[in-house]
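Below: the structure, in C-alpha cells.
Please treat every number below as a calculation from the coordinates, not as lab data. On a predicted model such as this, the values are computed, not experimentally measured, just so you know. So basically every Cβ, Gly included, is an ideal-geometry build from the backbone, and we count neighbours across all protein chains shown.
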Amino acid sequence: MTADISFGSKEESEYIRKRLIEFNSKHVHEELSSRYEEINLAIKNTDGQVVGGMLAVLCWNWIEIDILWIDESLRGRGYGTRLLNQIEDIAKEKNCTFLKLNTFSFQAPDFYRKHGYSEVAVFEDAPTGSRHYYFKKEIYRPSDEA
C-alpha cells in the first residue's frame, strides 16, 4: 500500500481525532475510556457580547485548559480568577485528579503560579525571545480526606 500526504480538511481532521480517541480508549481503564468532553465558559457583557472565556477539555481524569482569554479592558478585575475557580469546581465534580495548561512568558505564567499551578516544563526561545510554560495543578477533593 502506498499513500500520499496532503493537507487535511476540517472533516478529515475530525476523523483523525476520533480514530486516535478510539485507539487511546483501548489503553485506559474502562471507566475512563469514554470520558471526553469539551467545557467552554463565556463571559458576556450587558449587551451580550463575549468579553472573555475559557475553552477546556475533560479527558479521562484531568481537564486541560486550552484557552483563557479576557478582553484587555476587563483584565485585573478578577474574571480570570473566577474562570479558574469555576473550572476547578467542575474538575472536582467530575472527579478529576488534576488540571493542566500552557502559557507563554508574554501571557500569564505568574497569574497561574499565584493560583496554585506548578511549572512542569518550559521551552526556551519558543517563540523566539520568549518562553513556553506548561503548568499542572493537583485537585484536592473532599473524598481525599478518607
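When the inverse distances between all different Cα atoms of the chain are averaged and flipped, the Kirkwood radius reads 17.5 angstrom.
Simple point charges give the picture: +1 on the Cβ of Lys and Arg, -1 on the Cβ of Asp and Glu, and for the stretch 45-84 a dipole about the Cα centre of about 180 debye. With r defined as the distance between the Cβ atoms of residue 130 and residue 30 and R0 fixed at 35 Å, what FRET efficiency is calculated, to the nearest 0.05? Efficiency computed from Cβ-Cβ geometry: 0.25.
Could you tell me which of 24, 13, 107 has its Cα farthest along the dipole of the chain towards the positive end, charges placed at Cβ (Lys, Arg +1; Asp, Glu -1), taken about the Cα centre? The residue sitting most towards the positive pole is 107. Label sites at residue 7 and residue 104, each approximated as a point 7 angstrom past Cα along Cα to Cβ, lie 2.1 nm apart.
In plain terms, the chain is cut at each of the chymotrypsin sites (Phe, Trp or Tyr not before Pro) found in a DSSP loop with at most 11 other Cβ atoms within 10 Å, and the longest leftover piece is 8-105. Annotation: extensible slack from residue 20 through residue 138 equals 39.9 nm (criterion: 0.36 nm per residue apart, minus Cα-Cα distance). Inter-part distance, the stretch 12-49 to the stretch 75-128, computed on C-alpha centroids, equals 19 Å. Shown for the chain: lysine pairs separated by 8 or more places, or found on different chains, whose C-alpha atoms are under 16 Å apart, numbering 11. Placing +1 on the Cβ of every Lys and Arg and -1 on the Cβ of every Asp and Glu, with no other charges, gives the chain a dipole of roughly 280 debye about its Cα centre.
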